[in-house]
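Everything below concerns the one structure shown next.
The values are calculated or read from the model by the stated rules, or taken from the named source; none is laboratory data. Quantities reported herein were computed from a predicted structural model and do not represent experimental measurements. Cβ placement follows ideal geometry from the backbone for every residue including glycine, while neighbour counts extend to all protein chains displayed.
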Ligand code: IFM
């Protein structure tokens, strides 16, 4: 990717105007906020199981209660309205709707999301629903999980059930959130649920997630009655490096992380170099005749999640190997076939996740995607930052998060100026929440949640975003 070198190098522009129709909102995900893990017939998900195993979550917490959003949904809807959000990206918990992932449907789960969507529409907020943000019903994992082809068919059934219930009023349906994490962190490194560590399983999961997406898209289109937008959200890895072996390392990482999804989904083929790179791990025999045609579906919007960059080289096999890929290191590798890629420690500043702050990476990514897929509208479906917040006199002056958002909205604006068809920006996250393997130790919210009292406090970043939406200009 080229490096953008123009304008304010700091990406701290103010007064940048965003066009009408550029939809600005915020995002969450079911397991991270809902709580009520055992209520109204919800079945267990892989994250319930995983988080209850000692040692898996940094602060030994679970999503059992989380932000108690399940019971505080109306309060949270009013909060969104107060902020002036134009859109709200949420996910639906598959085990709330189908407790065992197949067969019986739990109406109370569907009703919860029905009330959420109605509440959004009543407040003039666009509902952007994600069908799968990692909470796989445990029963499907017990049957083999994503490395098992049948899981893709079960996902298609679930998509039909969800869209039959809400397909008259959800504006945008997103099939999957970050299948990279579901496959490589869930089945490769073991940092995420279900915590398995097998490279071949991770790649089979990649394919079955791609297949699940491909099966669901036409179902959404034929079932919905309001002509929704259909999308998928990917967490793109922006790889950099100036060493002699960096181009090779970048090719490998961008192949495994990005092109293994965009290839089949948007171009109808797996990248040949990725298949060659992983030949010692798997023979890809899980790809059956006709699968690529199924996966290659037109989508209305490609969701882009971006937080930071990686800097890579091939490891020389001698010096101590650096492993700063930004993901929790629990021993396994999320890079099957490319364990010899070295992730160098990058220059700061960093967020509380240890991720480098690189808004130019977002601009580069958006321009690069629009060059690769010129007719494909894009939406930033996640961007935001964790910082350790302090409450002072009932306020949270999160200047670092405000600065982070300012820089990344500047990057998005520069991409728009360069002709990228970028349709909107959903800030991660509306609320502090359960940050997966890190539990509640990382706060991403523009609204603070006190986990003892469940009190919500709008942080300065929330006020900043609100002002941006109100004026259509970066404050
Ligand atoms: O919290 C996550 C989210 O669930 C998926 N994208 C990245 C966020 C921050 O790690």
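Tabulated values for the structure
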quantity	calculated
Residue count, the stretch 429-442 (criterion: touching a strand residue (DSSP E or B) at 6+ places or on another chain (Cβ under 8 Å) and either more than 16 Å from residue 69 (Cα to Cα) or part of a helix (DSSP H, G or I) (or both))	0
Members of the stretch 42-59 found to be more than 19 Å from residue 134 (Cα to Cα) and touching a helix residue (DSSP H, G or I) at 6+ places or on another chain (Cβ under 9 Å), listed by number	59
Meets criteria (touching a helix residue (DSSP H, G or I) at 6+ places or on another chain (Cβ under 7 Å) and surrounded by fewer than 24 Cβ atoms within 10 Å (Cβ to Cβ)) for residue 198	yes
Condition check for residue 59: surrounded by fewer than 22 Cβ atoms within 10 Å (Cβ to Cβ) and within 16 Å of the ligand (Cβ to nearest atom)	yes
Close pairs (8 angstrom Cβ cut-off, 6 or more residues apart or separate chains): in contact (Cβ under 8 Å) with a residue 60 or more places away in the chain and over 23 Å from residue 79 (Cβ atoms) in the stretch 416-440, in a strand (DSSP E or B) and away from the ligand (no atom under 16 Å from the Cβ) anywhere	416/422; 422/378; 423/23; 423/301; 423/378
Residue under evaluation residue 386, criteria (1) farther than 20 Å from residue 58 by Cβ; (2) out of contact with any strand residue (DSSP E or B) (no Cβ under 7 Å at 6 or more places or on another chain); (3) modelled with pLDDT of 95 or more, criterion not met	(1)
Strands (runs of 3 or more DSSP E) completely within the stretch 252-360 that count 2 or more residues being within 16 Å of the ligand (Cβ to nearest atom) and out of contact with any helix residue (DSSP H, G or I) (no Cβ under 8 Å at 6 or more places or on another chain)	301-305
All positions within the stretch 25-47 that are surrounded by fewer than 21 Cβ atoms within 10 Å (Cβ to Cβ) and either assigned to a strand (DSSP E or B) or in contact (Cβ under 8 Å) with a residue 40 or more places away in the chain (or both)	40, 41, 44
When residues of the stretch 380-397 are limited to those that are part of a loop (DSSP other than H, G, I, E, B) and more than 16 Å from the ligand (Cβ to nearest atom), the one farthest from residue 231 (Cα to Cα)	393
Some residue of the stretch 363-379 being within 16 Å of the ligand (Cβ to nearest atom) and assigned to a strand (DSSP E or B)	yes
Residue satisfying all of: in the stretch 231-251; in a helix (DSSP H, G or I) and in contact with a strand residue (DSSP E or B) (Cβ under 8 Å, 6 or more places away or on another chain); surrounded by the most Cβ atoms within 10 Å (Cβ to Cβ) among these	249
Search result, residues across the stretch 399-429 that are within 16 Å of the ligand (Cβ to nearest atom) and touching a helix residue (DSSP H, G or I) at 6+ places or on another chain (Cβ under 7 Å)	401, 405, 408, 425, 427
